[in-house]
Amino acid sequence: MTSESYLPPGLPIPVPERNGLSAPYWQGLREGVLKVQRNSATGTWQWPPQWIAHDTRTFDLEWVEVEPRGRIFSWTRVWHPVHPALRDACPYIVVVVELPHAGGVRMLGNLVGDPRQEVAIGAAVETVFEHHPDAQPPFTLAQWRLAGSGA
Amino acid sequence: MSERSLRGRVAVVGVGETAYYRHGHAPEPEVVLCLKAILAACEDAGVDPAAIDGFASYSNDRNDPPTLATALGVRELRFSNMQWGGGGGGGAGAMANAAAAIVGGLADCVVVYRALAQGQFGRFGQGPQASTLTGDLALSVPYGQMSPAQWYAPKAMRFMYEHGIGQEALRAIALASYHHAQSNPRAVMYGRPLTEEAYDHSRWITEPFHLYDCCMENDGAAALILVSAERAKAFSQAPAYVLGAAIGAGYRVHSTPAGFGTPDYASSHFKTLAPRLYAMAGVRPADVDVVQCYENFTGGVLMALVEHGFFAPEEATDFLKLENLIAPAGRLPLNTSGGNLAECYMHGLELQIEAVRQVRRQSTSQVPDADVSLAVAGPMVTPVSTILFGSEATL
């Protein structure tokens, strides 16, 4: 399965750390699943990946599949490229997405669609799994589109 | 007052800087700039460079104390300090560390310094060139989120959204820096005034930041000399006493680029620092005569001024008007040397120098009777830091 990429190729490729901390996240994305960490004892959600739970100082964080949706918490529209691969890719929209059903953890992504669209903080969004099967190594990004804006 | 305080116990007695250059235009190696700034601060104070016994810097300055101490013929190295954290958040922290070392008896004469020749090394405003990335960078860079402006713009965007603050507030901050730079011959933007129209028509870098909301990148070096209050009057200049300082961050403030995970996201991260600062200094926001506030981006200044208690978020649009922000008679003269936007991006150490010059009555945009002078370092990064200086009248 492939999907068109929002930004052109040539940006650094995300890979798990040698110690494997975030490997379940990246593997989940490749399978079309969004996973974040949760303290198995208290149910406290945590993101980005970490070894230790900040509330109980225990090392038994679990990886939990969450519904791939959220709402726009903040955003910026980038007009000035700072990487050669983005020279002709501006403007593009970066969103900070909050997952209310996962303790309000936040993640970054691009808001797919018209890069000049008006962006509304609070708008509901859903994940678009952007697969890069031909990259070395292959990877998948979690992008976002306005909820109900199409397949 | 607590025994454990910096208040009135240390003073800045010397300040110095090289000429300030556009990035890549320094005619000398970075270490030479660094040495010349330190020598200029010694000259200003009337300090023998060999008598420096401590060095403090921040943001992983490339010029390490043993190299500098050796080069300068320092007789004895007693304090060698680096404030953790990237960006300019450590500028006041390095000052506080130097002051703490003096109060604690670790050193007698400490130089705080910062040198940058970005043309000779990498630039801050360029994205990473690696082919693969791990960790927090992997969660950010593949989405085109890879420069300080891009990381911090959504923080300002959220704050402006929550409080109904418009672009004109950011514009006023930019205009204040450029206004003051026109009186400062050291300023890179001296002779290059900025108008409202030019701001409005300038290109976006990343919304809500126009070109003029973003700091310059420059080459140069700056330094300040600190000694104990007991010794301060023996030097050439009027002492600028440290009244108080604070370093740090609130609850679980994530380092860039994982800042999106910070619970209190739309913040410059001074909420816990400012009360500690004022308590140590024994002053209130209304007592502050003049403010230097690090402009990485104007949105950070907006939030830092709120968090230092100068106005409520809902008052920001009314308060942040150019006439309120300029010396000599504005309500809160801001960035009176031109700051990072228009004097020089010396990673904010030029703001520490300007805060001292205000206390000495030596600014090119002097605020009359500037007895209490604030210098805020690196809003939106973590850890941040902030410091208050006072004239002898404040002791």
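What follows is calculated from the coordinates using simple rules that are stated; it is not laboratory data. Model, not experiment: these values are computed from the prediction. With ideal geometry, Cβ positions are generated from the backbone for all residues, glycine too; neighbour counts draw on all protein chains shown.
Things worth noting here:
- For chain B: rounded, prolate or oblate by the Cα gyration tensor [a/c cutoff 1.5]: rounded
- Modelled label positions at B:L211 and B:W84, each set 7 Å beyond Cα in the direction of Cβ, lie 3.9 nm from each other.
- Put in order of Cβ neighbour count within 10 Å, fewest first, the listed residues A:T76, B:T18 become B:T18, A:T76.
- Selection of trypsin sites (Lys or Arg not before Pro), the range B:203-256, meeting DSSP coil and at most 14 other Cβ within 10 Å: B:R203, B:K233, B:R252
- Among the trypsin sites (Lys or Arg not before Pro) found in the range A:51-122, those both in a DSSP coil and sparsely packed, with 11 or fewer other Cβ atoms within 10 Å of their Cβ, are A:R57, A:R87, A:R116.
- Local electrostatic count at B:A69 - Lys and Arg +1, Asp and Glu -1, tallied over other residues with Cβ under 11 Å: -1
- Helix-only [θ]222 nm of the protein assembly as shown, DSSP H runs n ≥ 4, -39500 (n - 2.57) each, per residue, nearest 500: -6500 deg cm²/dmol
- Of the DSSP H helices in chain B, those whose Cα atoms cover at least 20 Å axially and whose Kyte score averages 0.5 or more: B:30-45
- The chymotrypsin sites (Phe, Trp or Tyr not before Pro) of the range A:1-82 that meet both conditions, a loop assignment by DSSP and at most 11 other Cβ atoms within 10 Å of the site Cβ, are A:W51, A:F59.
- 26 Å Cα-Cα reach of B:K36 towards lysines, excluding residues that sit fewer than 8 places from it in its own chain: B:K233
- The range B:161-291 shape via C-alpha gyration tensor axes, a/c threshold 1.5: oblate
- Across B:F79, B:F124, B:F260, mean-square fluctuation computed from a Gaussian network of chain B (C-alpha pairs under 10 Å connected) peaks at B:F124.
- Taking the DSSP beta bridges with both ends in chain B, the antiparallel portion is around 75 percent.
- Stretching the chain fully between B:H25 and B:A329 yields a gain of 105.9 nm (0.36 nm per residue, less the alpha carbon separation).
- Relative contact order computed over the range A:23-146 (Cα-Cα under 8 Å; 6+ residues apart), in percent: 23 percent
- Three-way shape label, the range B:1-145, alpha-carbon gyration tensor, a/c 1.5: oblate
- What separates the Cα centres of the range B:325-382 and the range B:101-159 is a distance of 22 Å.
- FRET efficiency, 1/(1 + (r/R0)^6) with R0 35 Å, evaluated for B:T272 and B:L395 via beta carbons: 0.85
- Gaussian network model of chain B, Cα within-10 Å springs - most flexible of B:S268, B:S147, B:S385: B:S147
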